[in-house]
Amino acid sequence: MSMGQRKKKRQSSKWVPEDRAVLAVCIGIALVFWFLVKMSKSYVTEKPVRLSVEVPEGLALQQLPPQNIKAELRSTGWNLMADFFLQRELVVKVSLVERRRFVLDRAQLRDIIQNELYSRDISVVELNYDRIELQTEIRKDTLLPVVLRYRLDFSPQYHLKEAVQVSPDSVLLSGAASQVKAYSSWPTDSLHLTDLKSSVNAKVFLKKPPPTLALNPPFVRVFVPVEEFTEKSFFVPLQVINKPTEDSLRIFPQRVWVTAVVGLSRYEELGPEDFEITADLKNVPFTQNKRTVPIQVNRQPGYAEAVNISPKSAEFFILQ
């Protein structure tokens, strides 16, 4: 290769980066012009609309306004882009302070939306609702008892120490009177506790009300008192009721063996005096020398569980 050819090749290579820069500038200018042309054209886009309703104190809406109102807007790309960034949410305000019922037809709703738009150069071309009706009635607040929905599974030898406690035991339901009066109580979400060996404090949410109603508070605190249980046994005197006046009546046994399951916290408290065990001789025939009568538990403390007696029946004798 001659000296002149090598020099020409070096000069050609030297100008390659500059040529690419010029090409990039040209492409950029072309894109800018293309973007300007596109943004100057007219387009149609969809925008969500939120209806904000002002309700006077003491009244409530029978039903909430639609949550899926959409408006089709037409304008240039510039206006629609500005509207998108400057007015992300289109809020239409309606006041029911001076009226109990309000009806919006398509034309009225279009005019209200048009007045709320970012620019007068944007027009509303279509709506997905022909008619929206808003109706109010007297608002009612009422206290309802809470119904706890729960299931408790205990470990062996563990039981409830006392009743499950719910705080607060009632909640305030607010809304249109015709809807509130349909409820007499309010349930919680389901609470399921397994393998219980100790007391539990839990936060339990209430079942969600319909959109037109409100609950306060939305949750309750639940206390589940748990303790270990054990057996306790002792003799209890057998009481005979409706017995004949003859002194010749004999009954066996005179004491009954009682076994009960009781929590450790009340183990020492439980005793024979807490039970009444009876044998009722009313309407029992005395035509034979030997008879049996069932033994019954007439009284026992509420904290004692699985009460069992032995024997189940007594024998009585009439000595001649």
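Where a number appears in this text, it was derived from the coordinates with a stated rule and is not lab data. None of these values were measured; they are calculated from a predicted model. Cβ atoms come from the backbone with ideal geometry, glycine included; neighbour counts cover every protein chain shown.
Worth pointing out:
- Computed over the chain with a Gaussian network model linking Cα atoms closer than 10 Å, the most mobile of 177, 214, 21 is 21.
- Links that overshoot a 24 Å alpha carbon limit, given the list 197/312; 70/208; 70/93; 140/207; 161/207: 197/312; 70/208; 161/207
- Using θ = phi - 60° in the Karplus curve 6.51 cos²θ - 1.76 cosθ + 1.60, the 3J(HN,Hα) couplings for segment 266-272 round to 10, 4, 6, 6, 6, x, x Hz; x is entered for Gly and Pro.
- Extension gain, residue 234 back to residue 152 (0.36 nm per residue minus Cα-Cα distance, nm): 26.5 nm
- DSSP beta bridges in segment 58-198 [antiparallel fraction, %, rounded to 5]: 75 percent
- Hydrodynamic radius of segment 75-203 per Kirkwood, over alpha carbon pairs, in Å: 20.6 Å
- With the simple spin-label model, which puts each label point 7 Å out from Cα in the Cβ direction, the residue 107 to residue 207 separation comes to 4.6 nm.
- For the chain, complete DSSP H runs whose alpha carbons reach 18 Å or more along their own long axis and whose mean Kyte-Doolittle score is -1.0 or higher are 16-39.
- Between residue 184 and residue 40, residue separation times 0.36 nm minus the direct Cα-Cα distance comes to 45.7 nm.
- Cα gyration tensor shape for segment 89-132, rounded if a/c is under 1.5, else prolate or oblate: oblate
- Expected 222 nm ellipticity per residue - DSSP helices of 4 or more, -39500 (n - 2.57), all of the chain, to 500: -6000 deg cm²/dmol
- Rounded to the nearest Hz, the phi-derived 3J(HN,Hα) couplings of segment 166-180 under the Karplus curve 6.51 cos²θ - 1.76 cosθ + 1.60 (θ = phi - 60°) are 10, 9, x, 8, 8, 10, 8, 9, 10, x, 4, 4, 5, 8, 5, where x marks glycine and proline.
- Shown for the chain is the translational diffusion coefficient from the Stokes-Einstein equation, using the Kirkwood radius over Cα pairs, a temperature of 25 °C and a viscosity of 0.890 mPa s: 83 µm²/s.
- Ordered by the count of other Cβ atoms within 10 Å of each Cβ, fewest first, 89, 231 give 89, 231.
- For segment 71-113, the spread of Cα positions along each principal axis, largest first, Å: 41, 19, 10
- With an a/c value of 1.5 or above and a/b larger than b/c for the gyration tensor axes a ≥ b ≥ c computed over the alpha-carbon atoms, segment 139-224 is described as prolate.
- Computed Kirkwood radius, in angstrom, where 1/r is averaged over Cα pairs of segment 231-318: 13.9 Å
- Backbone N within segment 51-87 under 14 Å of label point (7 Å from residue 119 Cα along the Cβ vector): 73-87
- Neighbour net charge for residue 271 - beta-carbon separation under 15 angstrom, K R +1, D E -1: -2
- Whole-angstrom gap from segment 106-158 to segment 207-228, using each part's C-alpha centre: 22 Å
- Under the Debye formula (equal points on every Cα, no solvent term), log10 I(q)/I(0) of segment 52-131 at q = 0.12 Å⁻¹: -0.41
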